[in-house]
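Take a look at the structure set out below.
Just so it is clear, none of the values below were taken in a lab; they were calculated from the coordinates. Here the structure is a predicted model, which is why all the values come from computation and not from measurement. Positions of Cβ are backbone-derived with ideal geometry, glycine not excepted, and every protein chain shown enters the neighbour counts.
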Amino acid sequence: MSTFGDELVQSARQALEFAKGEAELGAFRVTVPAEIDVKAIRAKLRLTPAEFARRFGIPVGVLEDWEQGRGAPDGAARMLLKIIDRGFGSVTVIPARGCLNHRPLTGSRKWSFDT
């Protein structure tokens, strides 16, 4: 099995332990990178700035600022970008405009949004 596959299996086991209440919370650690190359992550996914922004709920102007060094993602954004970079580019988050209604829909969309 690949290293990624091993990590995925380990993560699933840890999630199961956590769900059963058997995991020690101190055993889990999240590392947030101090810096992250947003443009490289977007290029790796072969998305335009507009496509990347729409998929991950980032305003295009903010994304462009990050890529051009006029700003930097905060800790939560860096964590999301790290997750995306680790191979979870198919993850889609709430659009930058709108709010979650928590109302299930049919089909491939799982939630509705007010825009």
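How much length is gained if the chain between VAL60 and VAL32 is pulled fully straight, taking 0.36 nm per residue apart and subtracting their Cα-Cα distance, in nm to one decimal?
Separation in residues times 0.36 nm, less the Cα-Cα distance, equals 7.8 nm.
If I take R0 = 22 Å and measure r between the Cβ atoms of ARG46 and ARG86 in this structure, what FRET efficiency does the formula 1/(1 + (r/R0)^6) give, to the nearest 0.05?
After rounding, the FRET efficiency stands at 0.85.
Assuming R0 = 35 Å, can you tell me the calculated FRET efficiency for the pair GLN68 and GLU24, based on Cβ-Cβ distance, to the nearest 0.05?
0.25
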